[in-house]
Amino acid sequence: MDNNIDVTSMPSLSLAFIGDSVYEILVREHLCKAHVGKVGVMNKLKVDMVCCKAQAQAADKILPILTEEEQGVYRRGRNANVNSASKSSSLADYHAATGLEALFGYLYLSGREERCRELFNIITEE
């Protein structure tokens with residue numbers, strides 16, 4: 001990875017683009033560790049965890065513990081102008097999910113994978 005990337009100036013939707021993948025890989029890893037079983041079952045659980053509504057709920061869960069910097073990244077992502085939203089989710093959930101993805105993309109591109117895992121572990125706590 002190019003260490004000269006200034007992630008603070010990257011567009012929020014670019015951060016969300018990579019953050020979507022980062023979040024999904026964490027979900028897949030979590031399911032493989034927690035649900036040794038059929039791939040079809042894990043895929044259904046994965047879809048349930050990465051949908052807009054679930055990601056909006058995940059954002060609500062971690063917002064109180066985010067640093068000011070992280071809150072700023074989340075807000076920028078949440079407030080980004082999106083061209084479309086899922087038909088199966090509310091616009092508010094879609095924006096919150098975009099904020100969450102932007103945060104995970106920002107942390108990943110900043111080399112803070114441990115913080116991604118820390119936040120994800122809080123999200124998946126029962």
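Of note:
- Surrounding net charge for Ser90, when Lys and Arg each add one and Asp and Glu each subtract one, Cβ distance under 14 Å: +1
- FRET efficiency, Ser9 to Arg112 (Cβ-Cβ, R0 22 Å, nearest 0.05): 0.80
- Label of the coordinate-derived value, Cα extents along the principal axes in Å, listed as (1) 52, 31, 27; (2) 42, 33, 27; (3) 38, 28, 28: (2)
No value in this document is a laboratory result; all are computed from the given coordinates. Because the structure is predicted, anything quoted here is derived from the model rather than measured. Cβ sites come from the backbone with ideal geometry, for glycine too, and all protein chains shown count toward neighbours.
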